[in-house]
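Undergrad: My questions all concern the structure below.
All of the numbers you see were taken from the coordinates with simple rules; none came from a lab. These numbers come from a predicted model, not from an experiment. Positions of Cβ are generated from backbone atoms using ideal geometry, with glycine treated the same way; all protein chains shown enter the neighbour counts.
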Amino acid sequence: MSQANSEAVRTAAEAENSEFLVFSLGAEEYAIDILKVQEIRGYENVTRIANAPAFIKGVTNLRGVIVPIVDLRIKFHLDNVEYGGQTVVIVVNVANRVVGIVVDGVSDVMTLTPEQIKPAPEFGVTLSSDFLSGLGSLDDRMLVLVDIDKLLTSEEMALVDNTQQQ
Amino acid sequence: MDIADFFDTFFEEAEELLADMEQHLLELDVDDPDSEQLNAIFRAAHSIKGGAGTFGFSVLQKTTHILENLLDSARKGELMLRADLVDTFLEAKDIMHQQLDAYRNEEEPDQDAFERICHTLQQIALEEIGETLETPPAAPEPAPASAPPASSGLLSVALLNVSDKDRELLVEELAQLGEIQQQGGDEKRFEVLLEASVGADDIEAVMCFIIEPEQIAITVAGQSAPVAPAPADMPTPAAVQGAAEAVEKTPTAPEKKEKAAAKKPAAESSSIRVSVDKVDQIINLVGELIITQSMLDQTVSELSDQSVGNGSLQNGMSLLQRNARDLQEAVMSIRMIPMEFVFSRFPRVVRDTAGKLGKEIELITEGKSTELDKSLVERITDPLTHLVRNSLDHGIEMPEVREALGKPRQGKLTLAARHQGGNILIEVKDDGAGMDRERLLAKARENGLNVSDTMTDEEVYQLIFAPGFSTAAEVTDVSGRGVGMDVVKRNIQGMGGRVEIQSKKGEGTNTRIVLPLTLAILDGMSIKVGCETFILPLSTVLESLQPAKGDMYAMAGDDVVLKVRDEYLPVIAIHEALDVENAIVDPTKSIAVIVQGEGRRYALLVDELIGQQQVVVKNLEDNYRKVPGVSAATILGDGSVALILDITGLHRLSRTKKEAGKSAHTPHPAYDKEIELS
């Protein structure tokens, strides 16, 4: 899906209520567009890739497809990075690629109305606000809405080969 | 069943017929033409015309029609063939091919080209035979095709040895072509009496998509038989015209069929057309099956370790394994097609290029039946064409020059293919001038490339693959722009192959392309480093040994070489290059695997050899990116992913690592170069 296309899809969805998958990284709650999610599975059997950034845990076999696994906890500099039974991999489908992201847990699926989505403030050192599509406010909870398309295809994630696209 | 369903079949058949036609035209000896070949060319044109008419491709039909008339004169001996006539026929064939492509894309064919070729062909007819063909070139809409279907009168269509199922289809088709008056008979001979709205040829053309021409016999039945001028029962003038046409054509039809039957008794179709997507899907599924099978195998062997082992389970597993492997091999062979598909286009390329350059070339092809994966066959054609053109242009000298040098006037170009280990070797060999080392070096310096006089010949020859490199004195139509050789090399490397050049000044050049047989499956050697498993392509592995302390020499700090039978090989410790933890650090306790990559040898230090196995190659770049030192990935028996190592990439990686580790101020040791060259 091209950038413009996904943009269009998003704006169309934003006009109405949109659904988000909520996951936790440490104590923080994040959410991504549910339409990007392909499946959720446990963290297992990851083959390390040498000389890759630390947050790229390696690749795994998803029914015959080789899928890279990214640990967002390391990427976002969280302190407690442990792999246990609760550790979950969300397999997302962005820019025609399948990528697994490691999170601490998946809590629920939320529907947010356009009024509940506030613009993200212009700050953030580890997580640039470019990669956020807003902040969701839900009673006293705050959800960080991550633009997973932009984040995973960005240069600093080193997931996409830039030379390959030339 | 709609007639449109046959479009694709027609396009494919017409393409094959055109290819046949070209091949026969090229083989034709103009001074003493073989009547068999002339007939074959005529038959191809005739079949295309019939099909084109049926489907309403009027431009193609008309072009073919004029060509067919000329060919008919040629086979009857009324037209004396000459080389330039054959060239014109070839040109006509090319234009027909373009028209065919246009129709396939649902476009109208190029009118200018059409009129031009019609004019040329008619000119030939006028000059050589002295007769005007009945269709004038100026009229773009040919009368026979666009005229409303005329009744051809009563035809009796006999279907010989046609199965019930096919017969139903055929009768249905016939019903669309006219009114069925009467039908009956058995499997051996089924007769349909048809009040046809089209000519006998068209009926035959439609039928031939389902059955062989020998199985049809069409005769004019009833009173509209060979009475030539307007029979009494024909109502309209249009019908009269149609009847005359039918009468003119029908009597020739059975005669032609007899001939075809006599010539090609074994022409029965023994192949089916399947889309490549379907085949690829099967290959993928079989790949998955193999993985599942190895997973099961592993589980069963663990069971038997616990002495729960069950004899019949074990037997079943080994049977499954054998069947799965056989299945895999059989499926892979579907994709394999002979090199002939590539080589068959070269007679034309060589003929055209040689003609343009004024050179005399004999083309020899060897190993046409060598089989290669279809995807590789498709991708090898362009690089190979480029190499052939290059050989013709730069390699082989002009006839006069050759005579002066005491060589035969006619240059020899050899295209050869053969299997070599797990690879296929394709050679483009000429007996031309060979490469001039000094000239290449001079040109390289001029282009600002970094070269030295101590480079080996092989390295110097590889310079021609540098971008923008051309030693041709002037740019010709054929080659010399220096664009392309770098693309050739890149394409071949993209296929997992390499190019080698052997050349001797004055004697010729031999360009060798080495390609893997297939890209989907790899014979691998699995190795263990620390607790990680990697795969080495078996084709790169030469031997493995336990290095003795005395054979390891350290050089200039970090670099280590291993002496193997009087040869010093650079040592690459995989655990260093790939940062593997818990690996054996002491080289004398690890195993050295001697591998070869791009013509150089290295010693890889690994912890353990696990064994050989076939692995299904999975692309890493689909969802991730290129990884240095790794060419692809595969899935092991336990479902986990293992990386397939790339030898040269690994070498580059370990060097950059060492350089980075050594901090910039240590100059690079000069030994490196020497060792690599050894």
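Undergrad: Measure off 7 Å from each Cα along the Cα-to-Cβ vector at B:Asp29 and B:Ile180, then give the distance between these two points in nanometres to one decimal.
TA: If labels sit at B:Asp29 and B:Ile180, their model points lie 5.1 nm apart.
Undergrad: Now for a separate question. Filter the cross-link list B:Lys62/B:Lys359; A:Lys36/A:Lys75; B:Lys49/B:Lys278; B:Lys62/B:Lys374; A:Lys57/A:Lys118; A:Lys150/B:Lys657 down to pairs whose alpha-carbon distance in this structure exceeds 30 Å.
TA: B:Lys62/B:Lys359; B:Lys49/B:Lys278; B:Lys62/B:Lys374; A:Lys57/A:Lys118; A:Lys150/B:Lys657
Undergrad: May I ask you to order B:437-443, A:146-152 by the average number of other C-beta atoms within 10 Å around their residues, highest value first?
TA: Peptide ranking by packing, descending: A:146-152, B:437-443.
Undergrad: Only residues of the stretch B:364-403 count here: report those whose backbone N is under 16 Å from the spot 7 Å along Cα→Cβ of B:Ala19, or say none.
TA: It comes to B:368-382, nothing else.
Undergrad: If you don't mind, there's one more thing I want to ask. Towards the positive end of the charge dipole of the stretch B:276-336, with charges on Cβ (+1 Lys, Arg; -1 Asp, Glu), say which of B:Leu313, B:Ile334, B:Gln281 has the farthest Cα.
TA: B:Ile334
Undergrad: Here's another thing I want to ask about it. What is the sum of charges around A:Tyr43, taking Lys and Arg as +1, Asp and Glu as -1, for the other residues whose C-beta is under 10 Å from the C-beta of A:Tyr43?
TA: Value of the local net charge: 0.
Undergrad: Follow-up question, since we're still on this one. Shielding of B:615-626 by partners, i.e. mean partner chain Cβ atoms within 10 Å per residue?
TA: Details: counts 0, 1, 0, 5, 2, 5, 5, 6, 14, 16, 11, 3.
That average works out to 6.
Undergrad: Taking each residue of B:629-641 in turn, how many C-beta atoms of other protein chains fall within 10 Å of its C-beta, and what is the average?
TA: On the way: counts 2, 3, 0, 1, 5, 2, 7, 3, 0, 2, 6, 7, 12.
Per residue, the number of nearby Cβ atoms from other chains is 4 on average.
Undergrad: I've got another one for you. Give the residue list of GluC sites (Glu not before Pro) in the stretch B:537-610 that are DSSP loop and have at most 14 other beta-carbon atoms within 10 angstrom.
TA: On the way: sites: B:Glu543, B:Glu567, B:Glu576, B:Glu581, B:Glu598, B:Glu608; in loops: B:Glu581, B:Glu598.
Passing both the DSSP loop test and the Cβ count: B:Glu581, B:Glu598.
Undergrad: Between B:Gln281 and B:Gln596, with labels modelled 7 Å along Cα→Cβ, what's the label distance in nm to one decimal, could you check?
TA: Calculated label separation equals 4.2 nm.
Undergrad: Okay, moving on. At 7 Å along Cα-to-Cβ for each site, give me the label-to-label distance between B:Glu500 and B:Glu329 in nm.
TA: For the pair B:Glu500/B:Glu329, the computed spacing is 2.8 nm.
Undergrad: For A:41-50, what's the mean count of beta carbons from other chains sitting within 10 Å of each residue's beta carbon?
TA: 5
Undergrad: Once Lys and Arg get +1 and Asp and Glu get -1 on their Cβ, which of B:Met435, B:Met455, B:Leu357 lies farthest toward the positive end of the dipole of the stretch B:339-516?
TA: B:Leu357
Undergrad: Moving to a separate point now. Gain in length, B:Glu302 to B:Gln614, computed as 0.36 nm per residue apart minus the alpha-carbon separation, to one decimal in nm?
TA: Full extension of this stretch gives 110.2 nm more.
Undergrad: Where in the stretch B:16-98 are there GluC sites (Glu not before Pro) that are in a DSSP coil and have at most 16 other Cβ atoms within 10 angstrom of their Cβ?
TA: Passing sites in the stretch B:16-98 are B:Glu78.
Undergrad: Would you please name the trypsin sites (Lys or Arg not before Pro) within the stretch A:29-129 that are DSSP coil residues with at most 15 other C-beta atoms within 10 Å of their C-beta?
TA: Answer by residue number: A:Arg63.
Undergrad: Skipping prolines and chain starts, which residues have an amide H placed within reach, meaning under 5 Å, of the one on B:Gln181, given they are 5 or more residues away or on another chain?
TA: B:Leu193, B:Leu194, B:Glu195
Undergrad: So what is the relative contact order of the stretch B:521-677, in percent, for Cα pairs below 8 Å that sit 6 or more residues apart?
TA: Taking the mean separation of contacting Cα pairs over the length of the stretch B:521-677, I get 26 percent.
Undergrad: May I ask you to derive the FRET efficiency for B:Arg445 and B:Glu378 from their Cβ-Cβ distance with R0 = 56 Å, giving the value to the nearest 0.05? Present the calculation step by step, with values, prior to reporting the outcome.
TA: Working: r = 38 Å, r/R0 = 0.68.
Step by step, r from the Cβ atoms, then E = 0.90.
Undergrad: Another question, if that's okay. Taking the Cα centre of the stretch B:339-516 as origin, sum charge times position over the Cβ atoms of Lys and Arg (+1) and Asp and Glu (-1), and report the length of that vector in debye to the nearest 20.
TA: Computed charge dipole of the stretch B:339-516: roughly 260 debye.
Undergrad: Among A:Gly136, A:Ile49, A:Leu35, pick out the residue whose Cα is farthest towards the positive end of the charge dipole of the stretch A:3-154, where Lys and Arg carry +1 and Asp and Glu carry -1 on C-beta, about the Cα centre.
TA: Highest projection toward the positive end goes to A:Ile49.
Undergrad: Jot down the per residue volume, in cubic angstrom and as a whole number, of the convex hull over the alpha-carbon atoms of the stretch B:276-336.
TA: 57 Å³
Undergrad: Full-extension gain between B:Asp112 and B:Arg348, please, as 0.36 nm times their residue separation minus the C-alpha to C-alpha distance. Numbers along the way, then the final one.
TA: Details: separation 236, 0.36 × 236 = 84.96 nm, distance 2.42 nm.
Contour length minus Cα-Cα distance gives 82.5 nm.
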